[in-house]
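A.B. asks: Below you'll find the structure I mean.
We did not get these values from a lab; they are worked out from the coordinates using the rules stated. No experiment lies behind these values; they were computed from the predicted model shown. Glycine also receives a Cβ, built like all others from the backbone with ideal geometry; neighbour counts cover every protein chain displayed.
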C-alpha cells in the first residue's frame, strides 16, 4: 500500500473576498476519504498568475494528487487554463471531441448560437488528458508530472461532481494502491462538548493509537467521529466497530443516532419506520422547518404540509388561533403555540405536528419578550409538550437553533410513541 | 500606506474530510476587505501538530496578518493552544480575568457546575494578548513576531465574529496604515456568463488596469463585480463609480439591482418601497421560498404567510384546489399552480403571490413528467403569469433553482406594477 495524500487548490477572487462560500472542497474531501485518500491541505488563491503558480509548486511538496477547481469559465478573469498549459510545458490545441460535444449542447440543449468564447472552451493544453464534462461547457483536465497527478476541474459544483465521480475517482483507484479510511459518526443532542468529553474520558484515553476521536459541535448538537486508517479493510473495520460500540454504550442516554445523518433525516427515518405523518405551523422560522423536512428525498411519504403564519392575521384566519389568545398572551406565548399545534394537527390530519413562535431579531424585541425568545410546541395524538427557549444570537442562528430544537423535541416524542 | 496582506489558516480534521463546510473564512475575508486588507491565501489543515506548525511557517512568508481559527475547544482533539504557546516561545499561565468571566458564565448563564476542562480554557500562553470572548468559553489570542501579527480565534462562528468585530479589526486598523479596497457589485438574471461577457466585451477591454472585473455565476443569475485598490479613498471611489455607471448602462436590460443583494432581499425592498404584501403556496420547494423571504430582517412588514401543500390532500383541503383539476391535469401542471396562486392570494389577502409545483427527484419522475419539471405561477392583482421549467439537476439544486426563478418572476411583476 502507498500512503497517498491529496491537496485541493481552489481558485477565484470571490473565495478570498468572501463573496462565495466554498462547498466544493468539502465534497471532494468526502469522496477522496471514501477511497482511502486523506486530504492534507486545502488552499484558496485568487485569480492571480503568480499565486496560482506558487500554490502548484507548494502543494506538489505536500501531496501526490492535486485537485484544482475553478477558473475555467469562458470569461477574461479565468486564467487557469493558459497557466496550466505553461506550467506543464504544453501548447493550446483544439480538442475536437469537446468541440463536437459543445456544438451538440448549443444546438440541441441550450438552443442558442455558439459564440467565439464557447468555441475557445474546447481548446486544451496538448499535454493533458481531457476529462469529458457531460454537464457543462468546460472540460476537466488531468496532468502528470514526476509521478504526481494534477486534476483541473470547473468550479460549478454539479459539473465538478460529475467529472470527479465519472472520471477522476476511477483513475485514482486504478493508478494508486491506496489504503482504506473508515469513519464512524454518531449524533448527540442536549449535552455540551465539555460534559460529553468528561463522560467519555476513560474511553478516549484508552483508544488505540491508530483511532482518532473528533468532537463536532453544531447548533446545540455534538457529533462524535472515530477515524481509522490502514491496509487491511477487514481488520480496520473490526477494530473501529469494536470501539464504536463502546462509544455508543458510553453515550447512549444522549445519543440521537449512530450515523452521520442530519436531524431532519433522523426524524424522517423514524416517521417512515412507524408509518406516521407530520405537519408544521411556523411563525418565526418562516418555513425553515418544513424546508428542512422536505430537503430529505422521499419526504413526501410522511410530510403532509405546513402553514407559515407569519402575520397575526394568518394565525387567526388560516390557523384559527383564537383572537383573544393572541390579544391576551401575544403571538409569542405558550398559549398561542399550543393552539397552533393543536389546530395544525386537526387541519392537516397528521399523527405529529410542530409549532413555533418567537422573536428572531434584530428588531421586534421588548424588555419582557427579548430577541431570542422562542416558544415551541410539539404534539402527537396522545401528548402536547411546550418548551420555552432563550437564544441570544443573530437572526439566522436563532432560526436554525429553533428548527434544530423543534426537530429534536418531536424526535423524542416519536421515539416514545407519544 | 503599507500594502498589507492577510492569510487565513483554518484548523480541524472535519474540514479536511468534508464533514463541515468552512463559512468562517468567507466572513473574515469580507470584513478584512472592508478595512483594505486583501486576503492572499486561505489554507485548511487537520488537527496535526506538524501540519499546523508548517502552515504557520508558510503563511508567515505570504502575509502580514495571519488568522488562525479552530482548535480551541475544551476537548482532547484541540491542540492549537499548546502549539501556539510553543511556537511563540511562551509558557501556559492562568488568565484571571478569563477565569472570572467563565465562573460568571457557568454560574449565571449556563447554570451548571464548572468542570476541570472549562477551567483549563482560561489558561493562555504568557506571550499573547488575550482577546476577550463575551460569547463563549475560549478566549481569542494575539501574538506578534517580526512585525507580523497572528490572531487565534475559536471556530464557533458567532464567537469568532464577536471577537473579530470587537477586538481584532480595531487593532488592525490602528496598527497598520492600510489602503482602501472598494467593490461595486450588480446582479443580472436570465443571461448566461458567455453572453454577458460578449455584451460587455469592449467595456471590459477598456477598463483601467487598477480595476478588476469578476463574473460570479450562481443559480441562473450572474453577479458582476468591479474591484479597485488604492490609497486615496476619494479618488478610487470616483474612478470605480464612473466605471460602474458605464457597466450598468451596458447591462441595464438584464440587471436586477446594482447592489450585492440576494434576490429575496431585492423582492423585499421592492415590496417595502411600494407598500405591498406577498404570500406563497409551495409544493415541491417545501417552504424554501417562504424561508428565503423571511430570512431578510424586517420581512414581517410584507410577508404575510404561506401554505406548504406537499401532499395532494392539503392542496385540496387547505388550498382549495379543485379535485377535478388535480385528477385531470395532475399536481404538476399549469392548471394546478394557477389555482394555487389564485387561492393563496384570496386566503392570505395579499397583493402578490407565488405558487410552485414540480418534481424535484431523485424519485417521482415519469416519461411524461420527468424529474426537474416545474410549473411556477405568480400573481398580482391585475395579472397571473405561469411558466414551465425543465431543470435537470439534483434535488437540492432543483429546489434552489425553482426558488430563485420564482422570486425573479415576481420581482418583474412588482417592478411592472402588475
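A.B. asks: What FRET efficiency, computed as 1/(1 + (r/R0)^6) with R0 = 41 Å and r the Cβ-Cβ distance, is obtained for residue B:202 and residue B:390, rounded to the nearest 0.05?
C.D. replies: On the way: r = 34 Å, r/R0 = 0.84.
After rounding, the FRET efficiency stands at 0.75.
A.B. asks: List, shortest first and in nm to one decimal, how far the label point of residue B:82 (7 Å from Cα along Cα→Cβ) is from its counterparts in the other copies.
C.D. replies: Counterpart label points of residue B:82 in the remaining copies fall at 5.1 nm.
A.B. asks: Using Cβ contacts closer than 10 Å as the measure, can you line up A:310, B:219 from fewest to most?
C.D. replies: Going from least to most buried by this count: B:219, A:310.
A.B. asks: Another question, if that's okay. Ignore the peptide's own chain and count Cβ atoms of other chains within 10 Å of each Cβ in A:211-220; give me the average, rounded.
C.D. replies: On the way: counts 0, 5, 3, 11, 7, 7, 4, 4, 0, 0.
Partner-chain Cβ atoms within 10 Å, mean over residues of A:211-220: 4.
A.B. asks: A further question follows. If I take the rotation axis that carries chain B onto chain A, which residue of chain B has the nearest beta-carbon, and at how many angstrom?
C.D. replies: For chain B, the closest residue to the axis carrying it onto A is B:287, 2.
A.B. asks: Moving on to the next point. Would you mind checking the tilt of helix A:49-62 against the longest principal axis of the Cα atoms of chain A, expressed as 0 to 90 degrees and rounded to 10?
C.D. replies: Roughly 90 degrees between the two axes.
A.B. asks: Where does helix A:395-415 land angle-wise versus the long Cα axis of chain A, in degrees 0 to 90, nearest 10?
C.D. replies: Value to nearest ten degrees: 70.
A.B. asks: Sorted from fewest to most neighbouring beta carbons within 10 Å, what does the list A:143, B:229 look like? Can you show the working numbers first?
C.D. replies: Numbers: A:143 22, B:229 16.
Lowest count first: B:229, A:143.
A.B. asks: Sticking with this one: Estimate the FRET efficiency between residue A:346 and residue A:109 by the formula 1/(1 + (r/R0)^6), using the beta-carbon distance for r and 45 Å for R0, to the nearest 0.05.
C.D. replies: On the way: r = 48 Å, r/R0 = 1.06.
Once rounded, the FRET efficiency stands at 0.40.
A.B. asks: Related question: What number results when the radius of gyration of segment B:115-238, computed over Cα atoms, is divided by 2.2 N^0.38 Å? Don't jump to the answer; show the numbers that get you there.
C.D. replies: Numbers: Rg = 21.4 Å, N = 124, 2.2 N^0.38 = 13.7 Å.
Normalised Cα radius of gyration, segment B:115-238: 1.56.
A.B. asks: Under a no-solvent Debye model with one identical scatterer per Cα of segment B:180-257, what's log10 I(q)/I(0) at q = 0.14, 0.19, 0.27 Å⁻¹?
C.D. replies: Here log10 of I(q) over I(0) equals -0.42, -0.75, -1.33.
A.B. asks: Using Cα pairs under 8 angstrom and six or more residues apart, how large is the relative contact order of chain B, in percent? Before the final figure, lay out each step's value.
C.D. replies: Details: 780 pairs, mean separation 44.7, N = 418.
This gives 11 percent for chain B.
A.B. asks: Continuing with the same structure: Counting only Cα atoms, I'd like the Rg/Rh figure for segment B:1-151, Kirkwood definition for Rh. Before the final figure, lay out the partial values.
C.D. replies: Details: Rg = 16.0 Å, Rh = 16.4 Å.
Taking Rg over the Kirkwood Rh, I get 0.97.
A.B. asks: Moving on to the next point. Could you bin all the Cα-Cα distances of segment A:69-155 into 10 Å bins starting at 0 and give me the percent of pairs in each, rounded to whole numbers?
C.D. replies: Result returned by the calculation: 17, 53, 25, 5, 0.
A.B. asks: Mind jotting down the three principal axis lengths of segment B:268-418 based on Cα atoms? Whole angstrom, largest first.
C.D. replies: 44, 31, 23
A.B. asks: Given label points at 7 Å from Cα along Cα→Cβ, what nm distances, shortest first, separate residue A:177 from the same residue in every other copy?
C.D. replies: Taking the point 7 Å beyond Cα along Cα→Cβ, the inter-copy spacings are 6.2 nm.
A.B. asks: Could you give the distance between the Cα centres of segment B:356-386 and segment B:187-242, to the whole Å?
C.D. replies: 34 Å
A.B. asks: Below 8 Å between Cα atoms, with a sequence gap of 6+, how large is the relative contact order for segment A:1-137 in percent?
C.D. replies: Working: 187 pairs, mean separation 32.7, N = 137.
Relative contact order for segment A:1-137 comes out at 24 percent.
A.B. asks: Contact order normalised by length for segment A:102-179, with contacts defined as Cα pairs under 8 Å and 6 or more residues apart; what percent is it? Numbers along the way, then the final one.
C.D. replies: Values: 76 pairs, mean separation 15.1, N = 78.
After rounding, I find 19 percent.
A.B. asks: Any chance you could give the angle, 0 to 90 degrees and rounded to 10, that helix B:233-250 forms with the longest Cα principal axis of chain B?
C.D. replies: The two axes meet at around 20 degrees.
A.B. asks: Most exposed first by the Cβ proxy, i.e. fewest other Cβ within 10 Å, how do A:215, B:302 rank? Mind dumping the intermediate values first?
C.D. replies: Numbers: A:215 22, B:302 26.
Final ranking by Cβ density, sparse to dense: A:215, B:302.
A.B. asks: In vacuum, with every alpha carbon of segment A:230-314 counted as one equal point scatterer, what does the Debye formula give for log10 I(q)/I(0) at q = 0.12, 0.19, 0.24 Å⁻¹? Two decimals, please.
C.D. replies: Debye intensities relative to I(0), on a log10 scale: -0.56, -0.90, -1.09.
A.B. asks: Please compute, for peptide A:228-240, the average count of beta-carbon atoms on other protein chains lying within 10 Å of each residue's beta-carbon. The partial results should precede the final answer.
C.D. replies: Numbers: counts 0, 0, 0, 0, 0, 0, 0, 0, 0, 0, 0, 0, 0.
The mean count of partner-chain Cβ atoms within 10 Å per residue comes to 0.
A.B. asks: With the Cα gyration tensor of the protein assembly as shown giving a ≥ b ≥ c as the square roots of its eigenvalues, does the rule (a/c under 1.5 for rounded; else a/b larger than b/c for prolate; else oblate) give rounded, prolate or oblate? Show your work: numbers first, answer last.
C.D. replies: Values: a/c = 1.41, a/b = 1.11, b/c = 1.27.
Judged from the Cα gyration tensor, the protein assembly as shown comes out rounded (a/c under 1.5).
A.B. asks: Here is a follow-up. Across the residues of B:334-341, average count of Cβ atoms on other protein chains within 10 Å? Write out the running numbers ahead of the final one.
C.D. replies: Numbers: counts 0, 0, 0, 0, 0, 0, 0, 0.
Mean shielding count: 0.
A.B. asks: Using a label point 7 angstrom from Cα along Cα-to-C-beta, what distances in nm, from shortest up, separate residue B:324 from the other copies?
C.D. replies: 4.3
A.B. asks: Let me ask another. So if R0 is 30 Å, what FRET efficiency would residue B:249 and residue B:272 give, r being the distance between their Cβ atoms, rounded to the nearest 0.05? Spell out each step's value before the answer.
C.D. replies: On the way: r = 27 Å, r/R0 = 0.89.
Calculated value: 0.65.
A.B. asks: While we're here: Rounded to whole Å and sorted largest first, list the principal axis extents of the Cα atoms in chain B.
C.D. replies: Projected onto its principal axes, the Cα set of chain B covers 77, 60, 42 Å.
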